[in-house]
1. I'm checking my understanding of the structure. Among residues of segment B:403-448 that are of a type in the set (S, T, N, Q) and more than 21 Å from B:ILE313 (Cα to Cα), which one is surrounded by the most Cβ atoms within 10 Å (Cβ to Cβ)?
2. When you go through C:VAL320, C:VAL305 one by one, which is the residue that is within 16 Å of the chain's Cα centre (by Cα) and at the interface with chain A (Cβ under 9 Å from one of its Cβ atoms)?
3. When only residues in segment B:360-379 that are out of contact with any Phe, Trp or Tyr (no Cβ under 8 Å at 6 or more places or on another chain), at the interface with another protein chain (Cβ under 7 Å from one of its Cβ atoms) and part of a loop (DSSP other than H, G, I, E, B) count, which is farthest from B:GLU284 (Cα to Cα)?
4. For segment B:380-396, give me the residue count where each residue is within 11 Å of chain A (Cβ to nearest Cβ) and either of a type in the set (Lys, Arg) or not in a loop (DSSP other than H, G, I, E, B) (or both).
5. Do we have C:LEU67 as at pLDDT 70 or above, of a type outside the set (D, E, K, R) and out of contact with any Gly (no Cβ under 6 Å at 6 or more places or on another chain) here?
6. What's the number of the only condition in (1) at pLDDT below 75; (2) over 30 Å from B:SER64 (Cα atoms) that A:THR3 fails to meet?
7. Kindly list the number of the only condition in (1) at pLDDT 85 or above; (2) exposed (fewer than 14 other Cβ atoms within 10 Å of the Cβ); (3) not basic (Lys, Arg) that fails for B:ASP549.
8. Checking the condition more than 24 Å from A:GLU218 (Cβ to Cβ) and among the hydrophobic types (A, V, I, L, M, F, W, C), which residue from B:LEU471, B:LEU440, B:LEU384, B:LEU413 passes?
Amino acid sequence: MTTQNAAGAAKPDLSARQIRRMKRFDNPWRNPKLTWGAALILGIVAMGILGRIFWNMDLVFTGSAPLKLPPLGFENLRGQPGQTDFPLGTDGAGRDLLALIVIGAPNSLFVGLLASIIGMSIGIFLGFSAGFLGGRTDDTIRILSDVMITIPPLLILVVFQAAFGDVSLTLMAILIAAFMWQSPTRLIRAQVLSMRESGYVQMARLSGASTMHIMFREMMPNLVPYLFGSFIANVTTSIVTAVGLEVLGLGPQRIPTLGRIIYEAINSGALIQNLWWWWGLPTILLAVMFIGLLLINLGLDEVSNPRLRKL
Amino acid sequence: MTILDIKNISIDFPTSKGVVHAVSNFSLSVPQGRRVGFIGESGSGKTTTALAAMRMLAAPGYVSEGEIHLHSLGDTNVLELSDDEMRRVRLKKIAYIPQGAMNSLNPVMRIENQIWDGIVAHEGHVERAELQRRSRTVLESVGLPASVGRLYPHELSGGMKQRVCIAIGVCLKPDLLIADEPTSALDVITQRQVMQTLREVQETIGAGLILIGHDMGLMAQSVDDLAVMKLGKLVEYGTVRQIIENPQHEYTKQLISSVPLVGGESFIESTPEILRGEAGPLLEFDKVTKRYGNVTALHPLSFSLDGEVPKIISVVGQSGSGKSTMGSLMLGFNAPTEGTVTFRGKDINRLNKADALTFRKDVQAVFQDPYACFNPFYRVDHALKFPFKRFGLAKSESHTRQAMEEACVAVGLDPSLVLRRYPHQLSGGQRQRLIVARALMLSPKLLIADEPVSMVDASLRAAILKNIHDLKDKHGISILYITHDLATAYHVSDYVMVLYHGRVVEAGPPKEVIGSPQHPYTRLLIDSIPWPDLDRDWGSAKDAAAGLDALATGEAAAQSVFRGDITGFDLSVHA
Amino acid sequence: MGRIPSSYLGNRIVTLFLTIFIAATLIWIIPRLSPVDPAEIALGRMAAGAGTVGNSEDILAQLRAQLGIDQPWFVQYAKYLWGIVQFDFGLSTANFPTPVSALIANALPWTLGLMLISITITFFIGNLLGALMVWDHSPKLVKVAIPAAMVLTSIPPILSALLLMWIFSAKLRLFPLTGAYGLTVEPGWTWDFVQSVLYHGFLPALSIVVVTFGFWALGMRGLMIGVQGEDYTTLAKAKGLRPRYILYKYMIRNAILPQITAFALKIGMLIAGQVLVERIFAYNGMGKLLYDAILDQDFPVIQGVSFVIILMTAFSVFLVDLIYPLIDPRIRHGR
């Protein structure tokens, strides 16, 4: 076929469907990945809210239900069938898994969001300071973020929590945030340094704009896709770190979180006893959460870099 | 004998808004050993056509019609070759010399490896000694020492990189060379050297040459035949003499007239009545020096510019001559290492808050890159509205509106078409005019115009310079015009300073300095400008190299030649 | 060729030592801010062993002296730093009186081995696949299958470890549930032992590989798209080079550079992730050691393990930084 070989691409099909697909690229925010990702995350939030309204939350307490019941439609090793009262089964301490998840999943998301928000705020502050003030300040911030970015937060937090014992959800988020400022700092510093030389920032200076105006009115809007991307990546990292701590048996001891449920399951030998729902359901929820965050991040990448919009 | 035949080529790009016909019904033949120029504005389809001959159109572009024949392949249509057959044609038969020499070489590979891999891809295994011999020969043929082969691209200057690209292009002695604006990123002196090198090697190997460009002067000095393209159509074709001496198409005439000449009629009519400003010194440099580390960007320099009769002072020089440093010193973006810059008697680096705002209002600028000057987040009127309000010029919302509209009209823009657009929806010319309109709205006392037209299409340059000139005559604004282009400086300015390595080497009224230059550097600069004059001898690559060498070693370089004074501007250079 | 500019080298060495110093200091300060008294924990453990402990005040003082916490803070700090330089983290409280360094020396080779295999494999596979996703000449399958597999990449290794363990060890019984080698084989350079190690190490390594290759693939894809648009790639094509040659020598060669920098930044996260996988598989590495220490409140071990892992991270980063100028001539010439 000659058209296949003709210089460049083959003769494209210009069917209505193809044109619709191309049109999608005209508005970068109407991005299917972004939509799906947001839908998954909002789904988890909705589950948390609806669950609290429509389900009996007292079932998260130990002994409030029979032990090790399977989800509806399954049988456990002892031959017990699932019960409608506990549709997702129960754990080894007699707690209803649905109730655990309804409380635990938003908790994990909360830790991630809070840690990331705090980390971002510090990062924005330090990044702008380094980029604008330059000199000594810049050197200090740059070296500090270079150093801190190589230290894995998990290990320092293990030391902390092993020494302090139980922590609250908020405290854990704050602790994680102490390790979440480095990458936004580096990102913003680099962007600010390059934007400072850009024509429109020079124009703004010529227009008598204050430093604040230049930072927040001229630079910030153009940073938004990057900041958002960095924020989502940080949420993921924070949740991974939090789950890591929880699976090691650290983190909040009395509040259900997805990581804590998995920890208890493994500790009670749920894998060998084939109590798959016990660790499996929180695992799937976490996976959904991470996939949602990844999709949002991929979508954002495509917004800020149109060349990626191929796939 | 014809080497390339393009027959009725049409090239389409599908987009969401329908198919764009980038090139339609284009036919042309390139005879052996002949140089053919493709001239036109950006978007005219000149590069697209040339890339189609190499089968390297960027997706989703495709050739919808027509045939391309390469004579040495017999009767085969190039468009029907298999991918691997086409690969063998590239470089061996048709070589491409790219536009962006800065980024065209693989940054992590030595130069010689980038010559060798081309040879090996077409000839199979070649002995290393033979490869070395050939890379050495081909580098020497473009006037580079053989030792360049061992270097990495980042160790070379722009001109050297472009000559390496030419060396790669000719190393297999192809039938046809396609050079896509090979000198667009280079300054005039290097441009001449590279263009002449290209012509010389092309003559040696006897290949045809397609030169793509937008500068009629460069074409006149470089090609035999000229194809003028507009909006994907060939509007005129003939020998370069025919076209320059007797252009038929309106667009061709416009292209020719847009090239400013040194001497001859000015494209700017002077206004007899010039609006006068306040008397007294406006801007003063007192022994201003700028050093970056141990590199001196600007040697001690003093001058004083009087504000009563507005003037245009030109600062000309190559990149790296210190002219942009001077601009940023005047704007207060940079503090001098020694000396003071004063505006209306006040040191601009020691202003209190209120004075700083007045200074900002009184001194405005037009920058080189009209694409970067608008914040992509806002509509373009943000750039006009914000300073107007910030400087307290706005009485009301409707007053701002009115001022913006008037300024747009004054620079020849239709306010209803441009003001509410986003930057990427406007052309470079429109944006640069908006920046001029912005300066007009703020009615400053002094305007720093840093290369205001070097990134605008040639046909629009005269019009924008006219707008800037009007700022002086009709609005009483003094202007410092920073440029590398001596021809425009000749026409618009009242006084010219030529900068070389941070020193003023020649200064005076333009008729003297540019009309009959005395300093060797000024002469070299003027000799290097390509003019649409076929009978002028542009010199060879060796002349260009010799001129630069003479400057580098000669005593004369450090001396300043003063060619006369004008009232209201005093200049002195300190040893 | 091959000389690294001294300013670059100096910069990296300062960063390396600063990292180690800050980590060491954090590890030392944090427990001292805690209200929990390590002497009382030790006493509690003795009480649990012996039933009752008389004149506990004396023993507490004795324990404090033994642990060195009766001295002023700067003496303690100096002693601690001096100890750390000699890899002396004190004695394990749970396995008294085994030195912490001995426990770590046993566990470290397992972690290093697993890390070298899993992290390097994912880096290579991930980057290669990411490059193929962009390359014009890749088979169709690559362009469809890999993006689909990308979804896995968001999952942390700990979750994939759980799933793989359940499927292959608990359900299918193809692989062992725990440990780094079989209980019946003697450690040593015997074929049986090597076989057993590979057999036990397969699932932990796999669970890291499956979910982390995508991170590299995604990053590589973005970089390759950038490189694809570069002028030098266009010129390479115009030179009539073979597509495969362009892929390796022009595209991947340039796109890999930022990936190597990213590798240095990511290494800490990867090692931390691996520690958790080791804990799930009860693999005889640092992860298991750390987990057991947490259960036992064995503070010196927690400190030692954390410090050694951070040290590993810092040195890995340093190594990557040293290699970088060798593959990027622009750094080598001090630009």
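The values are calculated or read from the model by the stated rules, or taken from the named source; none is laboratory data. The shown structure was predicted, so the numbers you read here are calculated from the model rather than taken from an experiment. Note that we place each Cβ from the backbone using ideal geometry, even for glycine, and neighbour counts take in every protein chain shown.
1. Restricting attention to segment B:403-448, the residues satisfying the condition of being of a type in the set (S, T, N, Q) are B:416, B:425, B:427, B:430, B:432, B:443.
Pick out the ones that are also more than 21 Å from B:ILE313 (Cα to Cα) and you get B:416, B:425, B:427, B:430.
Values: B:SER416: 9, B:GLN425: 12, B:SER427: 17, B:GLN430: 22.
Restricting to residues being of a type in the set (S, T, N, Q) and more than 21 Å from B:ILE313 (Cα to Cα), the top hit is B:GLN430.
2. Values: C:VAL320 fails: at the interface with chain A (Cβ under 9 Å from one of its Cβ atoms).
Every option except C:VAL305 fails the conditions.
3. B:PHE377
4. Of the residues in segment B:380-396, 9 are within 11 Å of chain A (Cβ to nearest Cβ) and either of a type in the set (Lys, Arg) or not in a loop (DSSP other than H, G, I, E, B) (or both).
5. On the way: at pLDDT 70 or above: no; of a type outside the set (D, E, K, R): yes; out of contact with any Gly (no Cβ under 6 Å at 6 or more places or on another chain): yes.
No: the conditions fail for C:LEU67.
6. Of (1) at pLDDT below 75; (2) over 30 Å from B:SER64 (Cα atoms), only one is false for A:THR3: (2).
7. All conditions are met except number (1).
8. On the way: B:LEU440 fails: more than 24 Å from A:GLU218 (Cβ to Cβ); B:LEU384 fails: more than 24 Å from A:GLU218 (Cβ to Cβ); B:LEU413 fails: more than 24 Å from A:GLU218 (Cβ to Cβ).
Going through B:LEU471, B:LEU440, B:LEU384, B:LEU413 in turn, just one is more than 24 Å from A:GLU218 (Cβ to Cβ) and among the hydrophobic types (A, V, I, L, M, F, W, C): B:LEU471.
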